[in-house]
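Some notes on the structure that comes next.
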Amino acid sequence: QVQLVESGGGLVQAGGSLRLSCTASGRAFSSYVMGWFRQAPGKEREFVAAINRSGGNTNYADSVKGRFTISRDNAKDTAYLQMNSLKPEDTANYYCAASASYYLPVTTGRYNSWGQGTQVTVSS
């Protein structure tokens, strides 16, 4: 399996931006679909975005479409989530995950490896 470590979370005002990073080690990063999920207190973990192995295909939750951008750099074994126009409702713990799937899964059960999460807090 691949090991994942997220970074880049923090406190930001509404309307601001953050970029999350997810660095992988272990098995070949480029062999995995990468996804980002988030979980707010008292809520289930929800899909945010996913990207295929080459980076040429992406999928987003409707709630973040047009504001967030997922990308990856296979040479650096790193996936990114650029978050712009942040809203208080984006406050959550953000997790990256790796999937061996051949499509872009939106459910947690399709992802094999998870990071420990990074907290994003958006103040109003």
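Once C-alpha pairs closer than 8 Å and six or more residues apart are averaged by separation and normalised to the residue number of segment 1-113, the relative contact order reads 33 percent. Counted residue by residue at 0.36 nm each, then reduced by the alpha carbon distance between them, the extension gain from residue 17 to residue 112 reaches 31.3 nm. Tell me, what % of the accessible area of the chain is carbon and sulfur with a 1.4 angstrom probe? That share works out to 46 percent.
Averaged over its residues, the chain has an accessible area of 49 Å² per residue, based on protein heavy atoms and a 1.4 Å probe. Taking the DSSP beta bridges with both ends in the chain, the antiparallel portion is around 90 percent.
Here's how it looks for residue 113: its modeled amide H is under 5 Å from those of 98, which are all 5 or more places away or on a different chain.
The values are calculated or read from the model by the stated rules, or taken from the named source; none is laboratory data. None of the values given here were measured: they were computed from a predicted structure. For the accessible areas, the whole protein counts, side chains as well, though only heavy atoms, and no ligand, DNA or RNA atoms are used. Shrake-Rupley method; radii C 1.70, N 1.55, O 1.52, S 1.80 Å.
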